[in-house]
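A short worksheet on the structure shown next.
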Amino acid sequence: SQKIEQNSEALNIQEGKTATLTCNYTNYSPAYLQWYRQDPGRGPVFLLLIRENEKEKRKERLKVTFDTTLKQSLFHITASQPADSATYLCALARPGAGSYQLTFGKGTKLSVIP
Amino acid sequence: GAVVSQHPSRVICKSGTSVKIECRSLDFQATTMFWYRQFPKQSLMLMATSNEGSKATYEQGVEKDKFLINHASLTLSTLTVTSAHPEDSSFYICSAKPGVINSPLHFGNGTRLTVT
C-alpha cells in the first residue's frame, strides 16, 4: 500500500537558518505532491503543490523539490523565523482517486529558536 | 480566499451519546468534502468522502453506521458520531475542494471531541 514517511518527527533550528524537511514515499508514483502547515489545534493550511514534471517550486521563502526517481520531496524554509514554528505535512493523492483523497505523512514539527 | 468553517471547535460528551459536527464552505460550493481524524502525534487519516446528494464513501475500517455523514447541500456536510465511546475521542477535521481547476483543498479548523 501507499506509504509516506517524514523521517524527522521534530527539527530544531536557529532563527535565520534554512530548515530542510524530507518526505519519502513508496509503492506509488504520484502525479503531484503537496505540503501543508498545521498549527496546534488547527486544521492544515495548504502551502505548495509540485507536479511530477516539476523539479522545483518556490513561493516566497519556501522551496520544494520533487525527485520522482528517489521518490522524495524536500521542503526548505530559508531565513527561518520563530513564526515558522509549526508541524509541516506532506501529502499525496491516492492512486486513481480523482486527485483529492489525500494520504498524509505524520508531519515534522519544526521549532525555530530565536 | 476559500474558507471552510467547522463547528463546534470543541465538544465534550458522555459515553453513549451522539455528537454532530458541521462543516461549511463559506464562499464556494463544494460537491465533495472529506472527513479526517487525527490522533495525537499521528497523521490525518481519511475517514470518508462526502458527496453532495449521494451516499458517502467510507474508508476501510470506518463504521458507516457509527459515523453518519450527510452532505445536505453544496456548502454543508455533517458528521454525526453515534453512541460515542471514549476511544472515539480525537480531532476531527473536514476539508473541501472548490470547483476551480487546480485549486487545493481547504481545511476547517477541526473539532476536538472528548468522550467521557
Q) What list do you get for B:Ile21, A:Ile50, A:Ile13 if you sort them by fewest beta carbons within 10 Å? A) A:Ile13, A:Ile50, B:Ile21
(Q) Need one number: nm distance between label points at B:Asn70 and A:Asn7, each 7 Å from Cα along Cα→Cβ, rounded to one decimal. (A) 4.8
Q: Given a cut-off of 19 Å, name the pairs among A:Lys63/A:Lys109; B:Lys20/B:Lys64; B:Lys64/B:Lys97; B:Lys14/B:Lys66 whose C-alpha atoms lie farther apart than that in the structure shown.
A: B:Lys64/B:Lys97
Q) Among B:Lys55, B:Lys20, what is the fewest-to-most ranking by other Cβ atoms within 10 Å? A) B:Lys55, B:Lys20
Q.
For A:Lys57, give me every one of the lysines with a C-alpha distance below 17 angstrom, ignoring sequence neighbours fewer than eight places off in its own chain.
A. A:Lys71
Q. Which cysteines does chain B leave without a neighbouring Cys Cβ under 4.7 Å?
A. B:Cys13
Q: Hey, can you grab everything whose amide H is under 5 Å from the amide H of B:Leu76? Only 5+ residues off in sequence or another chain; H modelled, so Pro and N-termini drop out.
A: B:Ser25
Q | Least to most buried among A:Val112, B:Val4 (fewest other Cβ within 10 Å first) | A | A:Val112, B:Val4
Q.
Given R₀ = 35 Å, what would the calculated FRET efficiency be for A:Ala31 paired with B:Ser9, taking r from the Cβ atoms and rounding to 0.05?
A. 0.55
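Laboratory data are not the source of any read-out in this text; all were calculated from the coordinates shown. Predicted model, so just to flag it, every value in this text is computed and none were measured. As a convention, Cβ positions derive from the backbone with ideal geometry for all residues, glycine included, and neighbour counts pool all protein chains shown.
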